[in-house]
Amino acid sequence: MVYRTHGTCSSEIHFDIDENHLIHNVSFVGGCNGNLKGIGKLVEGRKAEEIISLLEGNTCGMKSTSCPDQLARALKQAIGA
């Protein structure tokens, strides 16, 4: 899946999600490269619902969202939550 982000330095999030809502192959286009690679590794193989509850609502500086928050939004869209 490709999710176009809003309000962050990254412009897209790419990921796969299987029928059990397990997340795989997360990558970000743009943003803080090292941090976003780390997030991709931390969420690999975990359930979307768990990651949503951990990351949803996180902000970046004065922004009302962040790359992790955008990942949570992308996952919610992917699972229809």
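The values are calculated or read from the model by the stated rules, or taken from the named source; none is laboratory data. From a predicted model like this one, the values you see are computed outputs, not experimental measurements. Quick note on the areas: whole protein, heavy atoms, side chains included, nothing else; ligands and nucleic acids left out. Shrake-Rupley method; radii C 1.70, N 1.55, O 1.52, S 1.80 Å.
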So the carbon and sulfur contribution to the accessible area of segment 7-79, 1.4 Å probe, in percent, is 53
For residue 37, counting only lysines whose alpha-carbon sits under 19 Å away and dropping same-chain residues fewer than eight positions off, the answer is 47
Over the chain, with neighbouring protein chains present, the accessible area per residue in Å² at probe 1.4 Å is 57
Note on segment 39-81: alpha-carbon gyration tensor, axes a ≥ b ≥ c; rule is a/c under 1.5 for rounded, else prolate if a/b larger than b/c, else oblate; result oblate
In deg cm²/dmol, rounded to the nearest 500, the helical mean residue ellipticity at 222 nm of the chain, built from -39500 (n - 2.57) for every DSSP H run of length 4 or more, is -12000 deg cm²/dmol
Checked against the structure, the computed mean projected area of the Cα convex hull in nm² among (1) 7.2; (2) 7.8; (3) 4.6 is the one labelled (3)
